[in-house]
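This report refers to the structure that appears directly beneath it.
The values are calculated or read from the model by the stated rules, or taken from the named source; none is laboratory data. Quick caveat: nothing in here was measured; it's all calculated off a predicted structure. Positions of Cβ are generated from backbone atoms using ideal geometry, with glycine treated the same way; all protein chains shown enter the neighbour counts. For accessibility, only protein heavy atoms count, side chains too; no ligands or nucleic acids. Shrake-Rupley method; radii C 1.70, N 1.55, O 1.52, S 1.80 Å.
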Amino acid sequence: MARLIDSGPGCPTPTPLRAATAAEARGLAYDDDVKAKTDHLYPLVNDFITPMEWPAVAPLVAAINDLKAEKNAVILAHNYMTPDIFRLVGDFRGDSLQLAREAAEVDADIIVQAGVHFMAETSKILAPSKTVLISSLEAGCSLASSITGADVRLIKERYPDYPVVTYVNTTADVKAECHITCTSSNAAQVVEAIAREWDTDTVVLVPDQYLAKNVAAQTDIRIITWPGACEVHELFSADDVDALREAHPGVVILAHPECPPDVLEAADFAGSTAALANYVKDESPAKVVLLTECSMSDNVATENPGVDFVRPCNLCPHMKQITLENILDCLIEMKHEVTIEESVRVRAKQAIDAMLALPKMENPLAFETGLKPMEIEVFSPS
Ligand code: SF4
């Protein structure tokens, strides 16, 4: 839809056309009511949204926040959401584990998952009586789509004596077939705990081969993995680390453990998104780079204004399917509801509960850097 802009009385030039903003297309104006509801929010995002852009964004923010109150809904915003979603409409913010815990405890009728589909499934697994919505069905994940429940059954047939740990970045079908889940905050703890419980020195950890290799370097447990990878983190290389050090002398380099092992070897610190955020907050490095998804750096930067961020940018195309516009539409139309067959949900919940039953760590585990990459067995179905 296009809108005519009035060029002013007596203006001889043809009236230019301007496309309606997403807010205008939904009948929303930047009026006094919206200003009163949103003026105090602008400072949270003024590094990312210019004053000229704000009138197009604020009506969407106000409408979403009004609808949340009206429908008793909350938004769980993952660290990889853009700052407008993360800071302005997210009620709970964090990594997969933090959001899963909030989903289980939150007092709300509706959860809107501002994250990807496996995260919305995890919320539904833990909060079956709540309506869980995801605003885009395109928000998938290369890790989650790399493996199926049938694949895990094959692994268990091949290795009946080894427990199977799944990273939370998997579908409910996969979780239902595994013995326990883990996140990048607790992967080594989970692997060691399940090995003790099964009295074995070998554990299968799926589907991220890089996370598995990085965990293997931190523990004496032998790990077998699956050939999955995060399409965002696998793009980083040790050469990138070298180039960053050369271009930005003194920069502190932090890496996520979904990056290949040679990246962790070359980095200064490694850990989950929560661990990386904590590091920046606690250590306040003068200049830092986060080798992870772009929006994560943006969101950590808003909370650490004294730190200079270098931002090599690898965007997750799946996370970026989630927008203020489709969050608003999904709340208005109550679409797209996430459902899981009950027998699958119950078995998937057992795997998550097994993880949540482990002693709660005070802080997410850091991965030691500087270690030589380890070769481990990668499962082959043939
Ligand atoms: S960043 Fe990687 S692991 Fe996370 S949703 Fe995107 S593809 Fe999946």
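Look at region 314-326: where a residue is at negative phi and a partner is of a type in the set (S, T, N, Q) and not in a helix (DSSP H, G or I), sitting 6+ places away or on another chain with Cβ atoms under 6 Å, you get Q321/S136; I322/S135; I322/S136; N326/S135; N326/S136. Output the residues belonging to region 189-219 that are open to solvent by 20 Å² or more (accessible area, probe 1.4 Å), in contact (Cβ under 8 Å) with a residue 12 or more places away in the chain and either among the hydrophobic types (A, V, I, L, M, F, W, C) or more than 18 Å from A100 (Cβ to Cβ) (or both). Matches in region 189-219: E192, E197, W198, T200, D201, Q209, Y210, K213, A217, Q218. For region 212-235, what are the residues that are closer than 14 Å to C259 by Cβ and assigned to a helix (DSSP H, G or I)? Within region 212-235, A212, K213, N214, V215, H233, E234, L235 meet the criteria. State whether the residues of region 193-210 include one that is in a helix (DSSP H, G or I), at pLDDT 95 or above and within 16 Å of the ligand (Cβ to nearest atom). Yes, the conditions are met somewhere in region 193-210. Summed over region 312-325, residues that are part of a helix (DSSP H, G or I) and under 18 Å from the mean Cα position of the chain (by Cα) total 4.
In region 312-327, which residue that is in contact with a helix residue (DSSP H, G or I) (Cβ under 6 Å, 6 or more places away or on another chain) and closer than 17 Å to L291 by Cα is surrounded by the most Cβ atoms within 10 Å (Cβ to Cβ)? Ranking the candidates gives N314 first. Of the residues making up region 47-81, those that are farther than 23 Å from Q98 by Cβ and either within 16 Å of the ligand (Cβ to nearest atom) or not in a helix (DSSP H, G or I) (or both) are D47, I49, T50, P51, M52, E53.
Total residues in region 88-126 satisfying the condition of being open to solvent by 10 Å² or more (accessible area, probe 1.4 Å), within 13 Å of the ligand (Cβ to nearest atom) and among the β-branched types (V, I, T): the figure is 1. Could you check region 1-46 and list, in sequence order, the residues that are modelled with pLDDT of 65 or more and part of a strand (DSSP E or B)? Scanning region 1-46 gives L17, R18, A19. If only residues of region 172-188 that are under 15 Å from A348 (Cβ atoms) and more than 16 Å from the ligand (Cβ to nearest atom) are counted, the one that is most open to solvent (accessible area, probe 1.4 Å) is D173. Take the residues of region 128-145 that are open to solvent by 40 Å² or more (accessible area, probe 1.4 Å) and more than 19 Å from V344 (Cα to Cα): which is farthest from the ligand (Cβ to nearest atom)? The residue in question is L137. Note on region 146-163: residues that are open to solvent by less than 30 Å² (accessible area, probe 1.4 Å) and within 16 Å of the ligand (Cβ to nearest atom) total 1. The set of residues from region 82-100 being in contact with a Ser or Thr (Cβ under 6 Å, 6 or more places away or on another chain) and in a loop (DSSP other than H, G, I, E, B) comprises T82, D95. Restricting attention to region 328-358, the residues being assigned to a loop (DSSP other than H, G, I, E, B), touching a residue at least 40 places away in the same chain (Cβ under 8 Å), open to solvent by 50 Å² or more (accessible area, probe 1.4 Å) and on the phi < 0 side of the Ramachandran plot number 3. Please determine, by comparing only the residues of region 238-285 that are in a loop (DSSP other than H, G, I, E, B) and of a type in the set (A, V, I, L, M, F, W, C), which one is surrounded by the fewest Cβ atoms within 10 Å (Cβ to Cβ). For region 238-285, the residue satisfying everything is V251. For V288, the criteria (1) part of a strand (DSSP E or B); (2) within 13 Å of the chain's Cα centre (by Cα) hold in every case but one, which is (2).
All but one of (1) open to solvent by less than 40 Å² (accessible area, probe 1.4 Å); (2) within 15 Å of the ligand (Cβ to nearest atom); (3) farther than 20 Å from A270 by Cβ; (4) part of a loop (DSSP other than H, G, I, E, B) hold for N169; state the number of the condition that does not hold. Going through (1) open to solvent by less than 40 Å² (accessible area, probe 1.4 Å); (2) within 15 Å of the ligand (Cβ to nearest atom); (3) farther than 20 Å from A270 by Cβ; (4) part of a loop (DSSP other than H, G, I, E, B) one by one, N169 breaks only (3).
Scanning region 94-111 for residues that are modelled with pLDDT of 95 or more and touching a helix residue (DSSP H, G or I) at 6+ places or on another chain (Cβ under 6 Å) gives I110, I111. When only residues in region 293-311 that are assigned to a helix (DSSP H, G or I) and of a type in the set (D, E, K, R) count, which is surrounded by the most Cβ atoms within 10 Å (Cβ to Cβ)? Only one residue fits best here, namely D298.
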